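The values are calculated or read from the model by the stated rules, or taken from the named source; none is laboratory data. Fair warning: this is a prediction, and the values are worked out from it, not measured in the lab. Quick reminder, even Gly has a Cβ in these numbers, built from the backbone with ideal geometry, and neighbours come from all protein chains shown. When the accessible area is computed, the model is the full protein with side chains, heavy atoms only, and any ligands, DNA or RNA have been set aside. Shrake-Rupley method; radii C 1.70, N 1.55, O 1.52, S 1.80 Å.
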Amino acid sequence: MSRTYLGMPAFPRAAAVTTQDTRLRANLTRATHSIRDKRAAAVAELEDWARLRDAGKHIKDRTLRHLDHYLLQAERAVTAAGGVVHWAADAAEANRIVADLVKAKGEREVVKVKSMATQEIGLNQALAAEGITAYETDLAELIVQLGDDLPSHILVPAIHRNREEIRQIFTGSMGRWGKPAPEGLSDDPADLAEAARSHLREKFLNAKVAVSGANFLIAETGTLVVVESEGNGRMCLTLPETLISVVGIEKVIPTVRDLEVFLQLLPRSSTAERMNPYTSTWTGTTDGDGPSEFHLVLLDNGRTDTLADEIGRQALRCIRCSACLNVCPVYERAGGHAYGSPYPGPIGAILTPQLRGVRGEVDASLPYASSLCGACYEVCPVAIDIPEVLVHLRERVAEQSKGHRVERAVVRAASRLLDRPALYTAAARAAARTRRLHPRRLPFPGPARAWSRARDLPEVAPRPFRDWWTGERGGHRAEDATPDTPEDTR
Ligand code: SF4
(Lines give C-alpha, C1' and ligand atoms only; values in the text may rest on other atoms or scores of the structure.)
Protein backbone atom coordinates (compact mmCIF):
# COMPACT_ATOMS: atom_id res chain seq x y z
CA MET A 1 0.00 0.00 0.00
CA SER A 2 1.29 3.44 -0.87
CA ARG A 3 2.14 5.86 1.88
CA THR A 4 0.03 8.91 2.71
CA TYR A 5 0.92 12.58 3.04
CA LEU A 6 -0.44 12.64 6.60
CA GLY A 7 2.15 13.58 9.20
CA MET A 8 4.55 15.11 6.68
CA PRO A 9 6.42 18.22 7.88
CA ALA A 10 5.49 21.76 6.80
CA PHE A 11 6.94 23.01 3.52
CA PRO A 12 10.04 24.84 4.85
CA ARG A 13 11.27 21.79 6.76
CA ALA A 14 10.39 19.33 4.00
CA ALA A 15 12.01 21.53 1.35
CA ALA A 16 15.16 21.96 3.45
CA VAL A 17 15.66 18.19 3.12
CA THR A 18 14.60 17.70 -0.50
CA THR A 19 16.68 20.59 -1.86
CA GLN A 20 19.79 18.78 -0.58
CA ASP A 21 18.94 15.70 -2.68
CA THR A 22 21.11 16.21 -5.76
CA ARG A 23 19.71 13.21 -7.64
CA LEU A 24 16.13 14.43 -7.12
CA ARG A 25 17.06 17.90 -8.31
CA ALA A 26 18.81 16.54 -11.38
CA ASN A 27 15.79 14.35 -12.28
CA LEU A 28 13.39 17.25 -11.80
CA THR A 29 15.45 19.83 -13.65
CA ARG A 30 15.89 17.56 -16.65
CA ALA A 31 12.20 16.66 -16.84
CA THR A 32 10.68 20.09 -16.19
CA HIS A 33 13.02 21.97 -18.54
CA SER A 34 12.40 19.57 -21.37
CA ILE A 35 8.60 19.72 -21.06
CA ARG A 36 8.44 23.48 -20.53
CA ASP A 37 10.40 24.13 -23.75
CA LYS A 38 8.18 21.75 -25.72
CA ARG A 39 5.05 23.38 -24.28
CA ALA A 40 6.21 26.84 -25.26
CA ALA A 41 6.73 25.64 -28.86
CA ALA A 42 3.33 23.88 -28.98
CA VAL A 43 1.53 26.95 -27.67
CA ALA A 44 3.38 29.28 -30.06
CA GLU A 45 1.91 27.35 -33.00
CA LEU A 46 -1.55 28.73 -32.28
CA GLU A 47 -2.17 32.33 -33.20
CA ASP A 48 -5.37 32.45 -31.17
CA TRP A 49 -3.89 31.00 -27.97
CA ALA A 50 -4.71 34.15 -25.97
CA ARG A 51 -8.33 34.00 -27.12
CA LEU A 52 -8.56 30.29 -26.35
CA ARG A 53 -7.16 30.97 -22.88
CA ASP A 54 -9.71 33.69 -22.34
CA ALA A 55 -12.50 31.42 -23.56
CA GLY A 56 -11.39 28.66 -21.13
CA LYS A 57 -11.32 31.12 -18.25
CA HIS A 58 -14.79 32.47 -19.06
CA ILE A 59 -16.42 29.07 -19.53
CA LYS A 60 -15.08 27.94 -16.17
CA ASP A 61 -16.05 31.18 -14.42
CA ARG A 62 -19.57 31.10 -15.81
CA THR A 63 -19.97 27.46 -14.80
CA LEU A 64 -18.71 28.15 -11.29
CA ARG A 65 -21.16 31.05 -10.92
CA HIS A 66 -24.03 28.65 -11.69
CA LEU A 67 -22.48 25.47 -10.33
CA ASP A 68 -25.64 24.26 -8.60
CA HIS A 69 -27.61 24.51 -11.85
CA TYR A 70 -25.05 22.59 -13.93
CA LEU A 71 -24.52 19.89 -11.30
CA LEU A 72 -28.25 19.18 -11.09
CA GLN A 73 -28.46 19.14 -14.87
CA ALA A 74 -25.56 16.66 -14.98
CA GLU A 75 -27.22 14.47 -12.34
CA ARG A 76 -30.44 14.30 -14.37
CA ALA A 77 -28.54 13.44 -17.56
CA VAL A 78 -26.39 10.73 -15.92
CA THR A 79 -29.46 9.16 -14.30
CA ALA A 80 -31.42 9.25 -17.56
CA ALA A 81 -28.51 7.44 -19.26
CA GLY A 82 -28.63 4.59 -16.74
CA GLY A 83 -25.97 5.77 -14.27
CA VAL A 84 -26.32 6.31 -10.52
CA VAL A 85 -25.18 9.59 -8.95
CA HIS A 86 -23.85 9.77 -5.38
CA TRP A 87 -23.06 13.05 -3.59
CA ALA A 88 -20.07 13.03 -1.22
CA ALA A 89 -19.58 15.97 1.14
CA ASP A 90 -16.08 14.93 2.17
CA ALA A 91 -13.35 12.35 1.76
CA ALA A 92 -14.75 9.94 4.35
CA GLU A 93 -18.16 9.87 2.66
CA ALA A 94 -16.68 9.38 -0.82
CA ASN A 95 -14.44 6.54 0.40
CA ARG A 96 -17.34 4.85 2.15
CA ILE A 97 -19.51 5.06 -0.98
CA VAL A 98 -16.80 3.50 -3.16
CA ALA A 99 -15.93 0.77 -0.63
CA ASP A 100 -19.61 -0.16 -0.22
CA LEU A 101 -20.10 -0.36 -4.00
CA VAL A 102 -17.07 -2.66 -4.40
CA LYS A 103 -18.15 -4.89 -1.51
CA ALA A 104 -21.69 -5.07 -2.90
CA LYS A 105 -20.19 -6.67 -6.02
CA GLY A 106 -18.37 -9.20 -3.82
CA GLU A 107 -14.98 -8.01 -5.10
CA ARG A 108 -11.66 -7.57 -3.29
CA GLU A 109 -9.71 -5.95 -6.11
CA VAL A 110 -10.22 -2.92 -8.35
CA VAL A 111 -8.19 -1.40 -11.17
CA LYS A 112 -7.75 2.35 -11.21
CA VAL A 113 -7.08 4.90 -13.89
CA LYS A 114 -5.06 7.82 -12.59
CA SER A 115 -7.28 10.16 -10.62
CA MET A 116 -6.20 13.17 -8.59
CA ALA A 117 -9.54 13.15 -6.73
CA THR A 118 -8.93 9.64 -5.38
CA GLN A 119 -5.40 10.65 -4.31
CA GLU A 120 -6.94 13.65 -2.55
CA ILE A 121 -9.34 11.51 -0.53
CA GLY A 122 -6.83 8.71 0.15
CA LEU A 123 -9.06 6.13 -1.55
CA ASN A 124 -6.41 3.41 -1.88
CA GLN A 125 -5.70 3.49 1.85
CA ALA A 126 -9.42 3.54 2.71
CA LEU A 127 -10.06 0.55 0.43
CA ALA A 128 -7.07 -1.31 1.91
CA ALA A 129 -8.59 -0.82 5.37
CA GLU A 130 -11.67 -2.65 4.04
CA GLY A 131 -9.58 -5.48 2.61
CA ILE A 132 -9.79 -4.23 -1.00
CA THR A 133 -6.66 -3.81 -3.12
CA ALA A 134 -6.55 -1.00 -5.69
CA TYR A 135 -4.17 -1.50 -8.62
CA GLU A 136 -2.90 1.64 -10.30
CA THR A 137 -2.77 1.26 -14.08
CA ASP A 138 -1.30 4.56 -15.23
CA LEU A 139 2.40 3.84 -15.85
CA ALA A 140 3.70 6.62 -13.60
CA GLU A 141 1.18 5.78 -10.88
CA LEU A 142 2.22 2.14 -11.14
CA ILE A 143 5.86 3.13 -10.55
CA VAL A 144 4.78 5.14 -7.51
CA GLN A 145 2.68 2.28 -6.14
CA LEU A 146 5.32 -0.40 -6.67
CA GLY A 147 7.95 1.86 -5.10
CA ASP A 148 5.77 2.41 -1.98
CA ASP A 149 6.16 6.06 -2.83
CA LEU A 150 3.95 9.15 -3.23
CA PRO A 151 3.14 11.06 -6.43
CA SER A 152 5.23 14.21 -6.86
CA HIS A 153 3.74 15.74 -10.01
CA ILE A 154 0.20 16.10 -11.34
CA LEU A 155 0.86 14.69 -14.77
CA VAL A 156 4.00 12.63 -14.22
CA PRO A 157 3.65 11.35 -10.64
CA ALA A 158 7.03 9.56 -10.85
CA ILE A 159 8.91 12.54 -12.32
CA HIS A 160 11.40 12.31 -9.44
CA ARG A 161 12.56 8.85 -10.63
CA ASN A 162 15.04 8.15 -13.38
CA ARG A 163 15.11 5.07 -15.64
CA GLU A 164 17.53 3.08 -13.49
CA GLU A 165 15.44 3.68 -10.38
CA ILE A 166 12.34 2.53 -12.28
CA ARG A 167 14.12 -0.65 -13.40
CA GLN A 168 15.06 -1.41 -9.80
CA ILE A 169 11.47 -0.81 -8.61
CA PHE A 170 10.05 -3.10 -11.31
CA THR A 171 12.47 -5.94 -10.66
CA GLY A 172 12.13 -5.60 -6.88
CA SER A 173 8.36 -5.19 -6.53
CA MET A 174 6.32 -6.32 -9.53
CA GLY A 175 6.23 -9.91 -8.32
CA ARG A 176 4.60 -8.90 -5.03
CA TRP A 177 1.73 -7.19 -6.88
CA GLY A 178 1.17 -9.66 -9.72
CA LYS A 179 3.15 -10.74 -12.75
CA PRO A 180 6.89 -10.28 -12.05
CA ALA A 181 9.26 -8.26 -14.25
CA PRO A 182 11.08 -10.31 -16.93
CA GLU A 183 14.56 -11.65 -16.14
CA GLY A 184 17.40 -9.26 -16.99
CA LEU A 185 15.11 -6.24 -17.47
CA SER A 186 17.09 -3.29 -18.86
CA ASP A 187 16.46 0.42 -18.22
CA ASP A 188 15.57 1.01 -21.87
CA PRO A 189 12.23 2.89 -21.95
CA ALA A 190 10.74 0.41 -24.45
CA ASP A 191 11.67 -2.56 -22.19
CA LEU A 192 10.29 -0.84 -19.11
CA ALA A 193 7.03 -0.02 -20.94
CA GLU A 194 6.73 -3.62 -22.16
CA ALA A 195 7.24 -4.97 -18.61
CA ALA A 196 4.51 -2.65 -17.34
CA ARG A 197 2.16 -3.57 -20.22
CA SER A 198 2.49 -7.27 -19.58
CA HIS A 199 2.07 -6.81 -15.79
CA LEU A 200 -1.04 -4.66 -16.25
CA ARG A 201 -2.70 -6.79 -18.92
CA GLU A 202 -3.28 -9.49 -16.33
CA LYS A 203 -5.00 -6.94 -14.08
CA PHE A 204 -7.24 -5.54 -16.82
CA LEU A 205 -8.42 -8.97 -17.90
CA ASN A 206 -9.31 -10.10 -14.38
CA ALA A 207 -10.83 -6.92 -12.91
CA LYS A 208 -14.59 -6.76 -12.41
CA VAL A 209 -14.62 -3.23 -10.94
CA ALA A 210 -12.74 -0.13 -12.08
CA VAL A 211 -12.36 3.26 -10.42
CA SER A 212 -11.63 6.36 -12.47
CA GLY A 213 -11.54 10.11 -12.25
CA ALA A 214 -12.51 12.44 -15.09
CA ASN A 215 -11.09 15.55 -16.67
CA PHE A 216 -14.54 16.91 -17.52
CA LEU A 217 -18.21 16.21 -16.85
CA ILE A 218 -20.57 17.59 -19.49
CA ALA A 219 -23.79 18.79 -17.87
CA GLU A 220 -26.08 18.70 -20.90
CA THR A 221 -25.42 15.04 -21.74
CA GLY A 222 -24.03 13.59 -18.47
CA THR A 223 -20.90 12.56 -20.38
CA LEU A 224 -17.57 12.08 -18.62
CA VAL A 225 -14.26 12.62 -20.37
CA VAL A 226 -10.77 11.29 -19.68
CA VAL A 227 -7.80 12.46 -21.73
CA GLU A 228 -4.60 10.43 -21.55
CA SER A 229 -1.50 9.36 -23.43
CA GLU A 230 -1.18 5.64 -22.77
CA GLY A 231 -4.53 3.99 -23.37
CA ASN A 232 -4.48 2.27 -19.99
CA GLY A 233 -7.31 4.49 -18.87
CA ARG A 234 -9.46 3.35 -21.77
CA MET A 235 -8.87 -0.29 -20.77
CA CYS A 236 -10.12 0.55 -17.26
CA LEU A 237 -13.12 2.42 -18.60
CA THR A 238 -14.29 -0.29 -20.99
CA LEU A 239 -13.29 -3.78 -19.74
CA PRO A 240 -14.67 -4.15 -16.16
CA GLU A 241 -18.35 -4.80 -15.51
CA THR A 242 -18.71 -1.96 -12.99
CA LEU A 243 -17.23 1.52 -13.34
CA ILE A 244 -17.09 3.99 -10.44
CA SER A 245 -15.98 7.54 -11.31
CA VAL A 246 -14.97 9.88 -8.51
CA VAL A 247 -15.13 13.44 -9.77
CA GLY A 248 -14.71 16.84 -8.10
CA ILE A 249 -17.78 19.04 -8.54
CA GLU A 250 -15.69 21.71 -10.27
CA LYS A 251 -15.07 19.40 -13.24
CA VAL A 252 -18.49 20.12 -14.74
CA ILE A 253 -18.73 22.14 -17.97
CA PRO A 254 -22.04 23.11 -19.58
CA THR A 255 -21.96 21.67 -23.12
CA VAL A 256 -20.14 19.36 -25.51
CA ARG A 257 -19.24 22.46 -27.50
CA ASP A 258 -17.23 23.77 -24.53
CA LEU A 259 -15.02 20.72 -24.77
CA GLU A 260 -13.65 22.11 -28.02
CA VAL A 261 -11.83 24.82 -26.06
CA PHE A 262 -10.40 22.56 -23.37
CA LEU A 263 -9.26 19.84 -25.76
CA GLN A 264 -7.02 22.46 -27.32
CA LEU A 265 -5.81 24.04 -24.09
CA LEU A 266 -5.10 20.91 -22.09
CA PRO A 267 -2.81 18.74 -24.27
CA ARG A 268 -0.60 21.61 -25.40
CA SER A 269 -0.22 22.87 -21.83
CA SER A 270 0.43 19.49 -20.24
CA THR A 271 2.29 17.19 -22.64
CA ALA A 272 2.99 19.74 -25.40
CA GLU A 273 0.94 17.61 -27.77
CA ARG A 274 -1.38 19.10 -30.40
CA MET A 275 -3.94 16.49 -29.39
CA ASN A 276 -3.70 13.86 -26.70
CA PRO A 277 -3.55 10.29 -28.08
CA TYR A 278 -6.62 8.97 -26.20
CA THR A 279 -9.83 10.84 -25.44
CA SER A 280 -12.42 8.55 -23.84
CA THR A 281 -16.00 9.65 -23.26
CA TRP A 282 -18.76 7.67 -21.56
CA THR A 283 -22.39 8.38 -20.78
CA GLY A 284 -24.23 6.11 -18.36
CA THR A 285 -24.45 2.52 -19.61
CA THR A 286 -25.09 0.90 -23.00
CA ASP A 287 -26.25 -2.71 -23.42
CA GLY A 288 -23.49 -4.93 -24.74
CA ASP A 289 -20.87 -2.18 -24.77
CA GLY A 290 -18.64 -1.30 -21.83
CA PRO A 291 -19.50 -1.56 -18.12
CA SER A 292 -23.07 -2.63 -17.36
CA GLU A 293 -23.13 -0.61 -14.14
CA PHE A 294 -21.94 2.97 -13.76
CA HIS A 295 -21.68 5.10 -10.61
CA LEU A 296 -20.68 8.74 -10.44
CA VAL A 297 -19.46 10.02 -7.06
CA LEU A 298 -19.59 13.83 -7.03
CA LEU A 299 -17.03 15.08 -4.53
CA ASP A 300 -17.21 18.36 -2.62
CA ASN A 301 -14.46 18.01 0.05
CA GLY A 302 -13.90 21.75 0.56
CA ARG A 303 -14.85 22.93 -2.92
CA THR A 304 -18.01 24.85 -1.96
CA ASP A 305 -16.01 26.68 0.74
CA THR A 306 -13.44 27.55 -1.92
CA LEU A 307 -16.21 28.73 -4.21
CA ALA A 308 -17.43 31.11 -1.52
CA ASP A 309 -14.10 32.97 -1.59
CA GLU A 310 -14.25 35.52 -4.41
CA ILE A 311 -10.48 35.63 -4.94
CA GLY A 312 -9.61 32.04 -4.07
CA ARG A 313 -12.35 30.46 -6.19
CA GLN A 314 -10.32 30.90 -9.38
CA ALA A 315 -8.32 27.84 -8.26
CA LEU A 316 -11.40 25.79 -9.16
CA ARG A 317 -10.85 26.67 -12.82
CA CYS A 318 -7.77 24.42 -12.84
CA ILE A 319 -7.76 21.72 -15.52
CA ARG A 320 -4.74 19.94 -13.94
CA CYS A 321 -2.43 20.45 -16.90
CA SER A 322 0.66 20.86 -14.65
CA ALA A 323 2.19 23.67 -16.76
CA CYS A 324 2.57 25.80 -13.62
CA LEU A 325 4.66 23.09 -11.93
CA ASN A 326 7.03 22.83 -14.87
CA VAL A 327 7.94 26.52 -14.80
CA CYS A 328 8.05 27.01 -11.03
CA PRO A 329 11.58 27.62 -9.65
CA VAL A 330 10.44 26.53 -6.19
CA TYR A 331 8.91 23.25 -7.40
CA GLU A 332 11.98 22.53 -9.52
CA ARG A 333 14.24 22.68 -6.48
CA ALA A 334 12.00 21.35 -3.72
CA GLY A 335 10.12 18.62 -5.64
CA GLY A 336 6.49 17.61 -5.24
CA HIS A 337 6.65 15.71 -1.94
CA ALA A 338 7.59 18.84 -0.01
CA TYR A 339 4.06 20.21 -0.54
CA GLY A 340 2.55 17.46 1.64
CA SER A 341 -0.42 17.00 -0.69
CA PRO A 342 -1.31 15.22 -3.95
CA TYR A 343 -1.50 18.72 -5.47
CA PRO A 344 2.08 20.01 -5.57
CA GLY A 345 3.62 23.13 -7.11
CA PRO A 346 1.91 26.50 -7.52
CA ILE A 347 -1.60 25.09 -7.95
CA GLY A 348 -1.07 22.92 -4.85
CA ALA A 349 0.07 25.96 -2.90
CA ILE A 350 -3.31 27.62 -3.49
CA LEU A 351 -5.66 24.65 -3.83
CA THR A 352 -4.62 22.54 -0.85
CA PRO A 353 -4.94 25.29 1.80
CA GLN A 354 -8.37 26.13 0.43
CA LEU A 355 -9.64 22.56 0.33
CA ARG A 356 -8.19 21.68 3.74
CA GLY A 357 -8.21 25.12 5.42
CA VAL A 358 -5.15 26.95 6.77
CA ARG A 359 -5.31 25.79 10.40
CA GLY A 360 -2.80 22.96 10.04
CA GLU A 361 0.95 23.61 10.00
CA VAL A 362 1.48 22.14 6.51
CA ASP A 363 -1.46 24.00 4.97
CA ALA A 364 -0.51 27.34 6.57
CA SER A 365 3.00 27.02 5.14
CA LEU A 366 1.92 26.42 1.54
CA PRO A 367 0.95 29.99 0.54
CA TYR A 368 4.57 30.91 1.34
CA ALA A 369 6.00 28.16 -0.88
CA SER A 370 6.46 30.59 -3.75
CA SER A 371 8.72 33.39 -4.87
CA LEU A 372 5.69 35.17 -6.43
CA CYS A 373 7.63 35.43 -9.71
CA GLY A 374 4.40 35.06 -11.71
CA ALA A 375 5.69 32.43 -14.17
CA CYS A 376 2.78 30.15 -13.16
CA TYR A 377 0.21 32.78 -14.11
CA GLU A 378 1.87 33.34 -17.49
CA VAL A 379 1.57 29.69 -18.51
CA CYS A 380 -1.78 28.81 -16.97
CA PRO A 381 -4.19 27.95 -19.80
CA VAL A 382 -7.19 29.18 -17.81
CA ALA A 383 -5.43 32.31 -16.52
CA ILE A 384 -5.54 31.54 -12.81
CA ASP A 385 -3.78 34.45 -11.11
CA ILE A 386 -1.88 32.19 -8.71
CA PRO A 387 0.27 34.99 -7.19
CA GLU A 388 -2.90 36.96 -6.37
CA VAL A 389 -4.41 33.96 -4.58
CA LEU A 390 -1.12 33.24 -2.77
CA VAL A 391 -0.99 36.76 -1.34
CA HIS A 392 -4.67 36.54 -0.42
CA LEU A 393 -4.07 33.25 1.43
CA ARG A 394 -0.98 34.66 3.18
CA GLU A 395 -3.25 37.37 4.54
CA ARG A 396 -5.61 34.70 5.83
CA VAL A 397 -2.76 32.79 7.48
CA ALA A 398 -1.39 36.00 9.05
CA GLU A 399 -4.82 36.94 10.41
CA GLN A 400 -5.17 33.69 12.29
CA SER A 401 -1.62 33.52 13.57
CA LYS A 402 -0.16 35.30 16.59
CA GLY A 403 3.20 35.51 14.80
CA HIS A 404 6.66 34.64 16.08
CA ARG A 405 7.56 36.20 19.47
CA VAL A 406 10.61 37.96 17.99
CA GLU A 407 8.44 39.38 15.21
CA ARG A 408 5.90 40.57 17.79
CA ALA A 409 8.61 42.27 19.88
CA VAL A 410 10.06 44.03 16.80
CA VAL A 411 6.63 45.28 15.69
CA ARG A 412 5.86 46.52 19.25
CA ALA A 413 9.15 48.44 19.41
CA ALA A 414 8.62 49.91 15.92
CA SER A 415 5.09 51.09 16.72
CA ARG A 416 6.35 52.81 19.93
CA LEU A 417 9.02 54.60 17.93
CA LEU A 418 6.68 55.63 15.12
CA ASP A 419 4.11 56.93 17.64
CA ARG A 420 6.65 59.44 19.02
CA PRO A 421 7.94 61.79 16.29
CA ALA A 422 10.60 63.40 18.51
CA LEU A 423 11.97 60.02 19.53
CA TYR A 424 11.90 58.86 15.89
CA THR A 425 13.84 61.95 14.74
CA ALA A 426 16.42 61.48 17.50
CA ALA A 427 16.81 57.79 16.58
CA ALA A 428 17.17 58.61 12.86
CA ARG A 429 19.87 61.23 13.60
CA ALA A 430 21.72 58.86 15.91
CA ALA A 431 21.59 56.11 13.24
CA ALA A 432 22.97 58.56 10.62
CA ARG A 433 25.80 59.69 12.88
CA THR A 434 26.88 56.15 13.73
CA ARG A 435 26.36 54.69 10.23
CA ARG A 436 30.03 53.86 9.71
CA LEU A 437 29.98 51.67 12.81
CA HIS A 438 26.98 49.57 11.70
CA PRO A 439 27.73 45.92 10.82
CA ARG A 440 27.06 44.83 7.26
CA ARG A 441 24.85 41.99 8.52
CA LEU A 442 22.98 41.26 11.73
CA PRO A 443 25.05 38.93 13.92
CA PHE A 444 22.17 36.57 14.80
CA PRO A 445 23.24 33.39 16.60
CA GLY A 446 21.83 29.86 16.32
CA PRO A 447 19.27 28.88 13.65
CA ALA A 448 18.51 32.56 12.85
CA ARG A 449 22.07 32.84 11.51
CA ALA A 450 21.03 31.11 8.29
CA TRP A 451 18.68 34.05 7.66
CA SER A 452 20.95 36.89 8.78
CA ARG A 453 24.14 35.79 7.06
CA ALA A 454 22.38 35.81 3.67
CA ARG A 455 21.03 39.36 4.00
CA ASP A 456 22.94 42.66 3.92
CA LEU A 457 21.56 45.44 6.10
CA PRO A 458 20.41 48.48 4.10
CA GLU A 459 22.81 51.42 4.21
CA VAL A 460 21.71 54.35 6.37
CA ALA A 461 21.74 57.74 4.57
CA PRO A 462 24.24 60.33 5.89
CA ARG A 463 21.34 62.67 6.61
CA PRO A 464 17.82 61.70 7.77
CA PHE A 465 15.17 62.42 5.13
CA ARG A 466 13.30 64.90 7.31
CA ASP A 467 16.45 67.00 7.88
CA TRP A 468 17.22 66.89 4.17
CA TRP A 469 13.66 67.91 3.27
CA THR A 470 13.62 70.77 5.74
CA GLY A 471 16.93 72.05 4.31
CA GLU A 472 15.80 71.71 0.70
CA ARG A 473 12.42 73.35 1.29
CA GLY A 474 13.95 76.29 3.14
CA GLY A 475 12.58 75.40 6.51
CA HIS A 476 9.09 74.32 5.35
CA ARG A 477 7.90 71.12 6.96
CA ALA A 478 6.98 68.20 4.74
CA GLU A 479 3.31 68.53 5.67
CA ASP A 480 3.30 72.12 4.34
CA ALA A 481 3.92 70.80 0.83
CA THR A 482 1.03 68.34 0.90
CA PRO A 483 -1.77 69.43 -1.47
CA ASP A 484 -4.99 69.91 0.45
CA THR A 485 -7.43 71.00 -2.24
CA PRO A 486 -8.74 68.99 -5.17
CA GLU A 487 -7.34 71.66 -7.53
CA ASP A 488 -3.80 71.14 -6.22
CA THR A 489 -3.88 67.53 -7.12
CA ARG A 490 -4.64 68.08 -10.82
S1 SF4 B 1 -3.21 26.12 -12.22
FE2 SF4 B 1 -3.27 26.43 -14.42
S3 SF4 B 1 -1.22 25.82 -15.09
FE4 SF4 B 1 -1.46 24.97 -13.04
S5 SF4 B 1 -2.26 22.89 -13.33
FE6 SF4 B 1 -4.04 24.23 -13.10
S7 SF4 B 1 -4.63 24.81 -15.17
FE8 SF4 B 1 -2.56 24.01 -15.30
Is at least one residue of the stretch 443-452 at pLDDT 90 or above and under 48 Å from the mean Cα position of the chain (by Cα)?
no
Exactly one of (1) open to solvent by 20 Å² or more (accessible area, probe 1.4 Å); (2) more than 16 Å from the ligand (Cβ to nearest atom); (3) more than 18 Å from residue 5 (Cβ to Cβ) is unmet by residue 296. Its number?
(1)
Considering each of 333, 359 in turn, give the residue that is surrounded by fewer than 23 Cβ atoms within 10 Å (Cβ to Cβ) and part of a helix (DSSP H, G or I).
333
Qualifying helices (runs of 4 or more DSSP H) (wholly inside the stretch 372-435; at least 1 residues being more than 17 Å from residue 467 (Cα to Cα), more than 16 Å from the ligand (Cβ to nearest atom) and of a type outside the set (D, E, K, R))
386-400, 405-419
Can you work out which of the residues in the stretch 299-316 that are touching a residue at least 12 places away in the same chain (Cβ under 8 Å), open to solvent by 10 Å² or more (accessible area, probe 1.4 Å) and of a type outside the set (A, V, I, L, M, F, W, C) is nearest to the ligand (Cβ to nearest atom)?
314
Do you know which of the residues in the stretch 215-256 that are open to solvent by 20 Å² or more (accessible area, probe 1.4 Å) and of a type in the set (S, T, N, Q) is nearest to residue 156 (Cα to Cα)?
229
Might you let me know whether the stretch 317-328 holds any residue that is among the charged types (D, E, K, R), touching a Leu at 6+ places or on another chain (Cβ under 9 Å), within 14 Å of the ligand (Cβ to nearest atom) and outside any loop (DSSP other than H, G, I, E, B)?
yes
What is the number of the single condition among (1) farther than 22 Å from residue 263 by Cα; (2) surrounded by 13 or more Cβ atoms within 10 Å (Cβ to Cβ); (3) not charged (D, E, K, R) that residue 20 does not meet?
(2)
Within the stretch 137-167, take every residue that is in contact (Cβ under 8 Å) with a residue 60 or more places away in the chain and of a type in the set (D, E, K, R) and give me the one that is farthest from the ligand (Cβ to nearest atom).
148
Can you name the residue in the stretch 257-293 that is aliphatic (A, V, I, L, M) and more than 15 Å from the ligand (Cβ to nearest atom) and is also least open to solvent (accessible area, probe 1.4 Å) among such residues?
259
Scan the stretch 451-467 residue by residue and report those that are closer than 26 Å to residue 426 by Cβ, hydrophobic (A, V, I, L, M, F, W, C) and open to solvent by less than 100 Å² (accessible area, probe 1.4 Å).
457, 460, 461
